[in-house]
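The values are calculated or read from the model by the stated rules, or taken from the named source; none is laboratory data. Keep in mind it's a predicted model, so treat the numbers as computed, not measured. Positions of Cβ are backbone-derived with ideal geometry, glycine not excepted, and every protein chain shown enters the neighbour counts. These area figures cover heavy atoms from the full protein model, side chains too; ligands, DNA and RNA do not enter into them. Shrake-Rupley method; radii C 1.70, N 1.55, O 1.52, S 1.80 Å.
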Amino acid sequence: MLCVDEKAQIQALDRTQPILPMRPGLPERRTHDYTRHGTSTLFAALDVASGKVIGELHRRHRASEFRTFLETIDKTVPEELDLHLILDNYSTHKTPANQRWLVRHPRFYLHFTPTYSSWLNLIERWFAELTEKWIRRGTHRSTLALESAIKHWLATWNEAPRPFVWTKTADEILTTLASYLQRISGTEILAPRRCPSLVEPGGRWSGIAPVRTAMVTFLDIGRIGASNFATQNTRYERIPGLASGMALGTLGRQRFGRVQQEG
């Protein structure tokens, strides 16, 4: 099972003055202004179980580059294994050309995160690690220098990969979001209702089944297993959407997108 996404428009930035390193009592310091030397896009696939990452850099971000990355995944993963890919709803993932490619490669199964909830995809957490610990702390005087730095990070990561695990359960996140979800407009369907078929009698979250279904699905993704994500007769399946995807996605990405690593 692979979490797949693109980190587009990564900027090769050169600060106008050298970055000053940390000193006792002083944080690392850098100037606010910079010179921009172009951009690059990183396509990456995170193995949920092992933490290893398959990565590939391209100067452009189109459906053709995404299809090229799918071919890279196909060559990298042993042929006897099925491939279940978790992706967001970006249009380049669903073009007719890419769908025809998938028909010719039946071991690929695509599963899409709910709209506005791409933060549930664990590859986003790996992108945050790359950005915070490597890209922002560096100086890149050309696009080639930026790409070389990213390749170095990727190779170093895969020497000792560590999988990510969620530190909060779906119920804990939903409980924290409860007051906010009930304040926003147009979400009357989120009002708690009793529904014994979904939770215990009197359960607080019986009225937001789509939200809880999506949260549980992705928070427990490593434990559930691939067989629960695809039906017998279809290869393209949208996992149940969030009843208030925009609100949960935006606030959740800010407050609950942090994931702790094992090891």
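Tabulated data for the structure shown
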{"read-out": "Residue in segment 142-155 that is touching a residue at least 24 places away in the same chain (Cβ under 8 Å), under 20 Å from GLY51 (Cα atoms), among the hydrophobic types (A, V, I, L, M, F, W, C) and assigned to a helix (DSSP H, G or I) present", "value": "yes"}
{"read-out": "Number of the condition not met by ARG29 [criteria: (1) open to solvent by 10 Å² or more (accessible area, probe 1.4 Å); (2) closer than 29 Å to GLU159 by Cβ]", "value": "(2)"}
{"read-out": "Filter result for LYS133 (over 23 Å from THR31 (Cβ atoms) and either open to solvent by less than 70 Å² (accessible area, probe 1.4 Å) or assigned to a helix (DSSP H, G or I) (or both))", "value": "no"}
